[in-house]
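Structure provided below as structure tokens; questions to follow.
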Amino acid sequence: MIKVENLHRHFGAFRAVDGASLEIAKGSITGLVGPNGAGKTTLFNVIAGALEPTSGRVFMDGEDITGLPPHALFHKGLLRTFQIAHEFGSMSCRENLMMVPGGQSGEQLWNTWFGRKRIADEERAMKAKADEVLEFLTISHLADHPAGAISGGQKKLLELGRTMMVDAKIVFLDEVGAGVNRTLLMTIADTIVALNKERGYTFCVIEHDMDFIGRICDPVIVMAEGRKLAEGSLDEIKANEQVIEAYLGT
Ligand code: ADP
């Protein structure tokens, strides 16, 4: 589904991504691991349109999507989760979900004159969809809570929830488990697996927690020094000597 070809992203003389080539298979939950500074987040940022590549290409289903801005990728179903921005913290969890752009006609000028009824209908539909998503995430009880007041793990679930408000094809998750307690981390893992199985989402997941990776990811891609070092099941990469060296920094 995603093919990255000889991708580079340099910052001055520093090569954060240095000739990365890798593929993410449709229907997979692909893990992306590697020591700090390996270039994982920079790679995500380039694929998801937040950073221009220095050189190289990114393809989605065979189409060249290199350098497309995030909103264009969003319309193609390529999403990256974002932390709930501070300014949306006072809005309720439900409202945060309802804000996800999905081509609501309320945004178009024409409708401000002619489409009032349609807007009301769509708002009801969005609300129903948001409530469905909250139920799927087992956080219905938080619908009216301000998003800024829920726990870190619940915020991660809400971030995942935003990807469910549209028809995502591939979702990039950057450290969804950071700072999350064990129980919620496993709920997040189960949610990712359910979205993968029931909705056909493909995932690419950066995560440090190897239990989490082992539980849901296959294959696992190891990055080091800006490019792919190894790929395989978690057991395979754990037994790979180059991987062990990269992690030990020798
Ligand atoms: P990882 O996610 O694997 O820890 P990153 O992609 O965050 O790695 O970072 C790779 C390297 O690129 C790091 O050494 C980081 O300091 C550097 N880097 C990332 N973004 C920038 C930037 N905007 N300017 C300069 N250096 C950067």
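The values are calculated or read from the model by the stated rules, or taken from the named source; none is laboratory data. Model, not experiment: these values are computed from the prediction. Cβ: placed from backbone, ideal geometry, glycine included. Neighbour counts: every protein chain shown.
Say we look at the range 214-230 and pick out the residues that are within 16 Å of the ligand (Cβ to nearest atom) and among the charged types (D, E, K, R); which of these is surrounded by the fewest Cβ atoms within 10 Å (Cβ to Cβ)?
It comes out as 225.
Would you point out the residue of the range 29-46, among those that are more than 7 Å from the ligand (Cβ to nearest atom) and assigned to a helix (DSSP H, G or I), that is nearest to the chain's Cα centre (by Cα)?
Top of the filtered list is 44.
Continuing with this model, one more query. Mind checking which residues of the range 2-17 are within 13 Å of the ligand (Cβ to nearest atom) and buried (at least 17 other Cβ atoms within 10 Å of the Cβ)? Walk me through it before giving the result.
Looking only at the range 2-17, we keep the residues that are within 13 Å of the ligand (Cβ to nearest atom), and these are 7-17.
7, 8, 9, 15, 16, 17, listed by residue number.
Residue by residue through the range 215-250, note down the ones that are of a type in the set (Gly, Ala, Ser) and under 19 Å from residue 26 (Cα atoms). Walk me through how you get there before you give the answer.
We begin by selecting, within the range 215-250, every residue of a type in the set (Gly, Ala, Ser); these are 224, 226, 230, 232-233, 239, 246, 249.
Of everything in the range 215-250, those that are of a type in the set (Gly, Ala, Ser) and under 19 Å from residue 26 (Cα atoms) turn out to be 232, 233.
Collect the residues in the range 10-28 that are more than 16 Å from the chain's Cα centre (by Cα) and in contact (Cβ under 8 Å) with a residue 60 or more places away in the chain, keeping them in residue-number order.
Result: 15, 16, 17, 18, 19, 20, 21, 22.
Also, I was wondering about something else. Among the numbered criteria (1) part of a helix (DSSP H, G or I); (2) in the same structural domain as residue 217 (by TED's automatic domain parsing); (3) surrounded by 15 or more Cβ atoms within 10 Å (Cβ to Cβ); (4) of a type in the set (A, V, I, L, M), which one does residue 194 miss?
Result: residue 194 fails condition (3) only.
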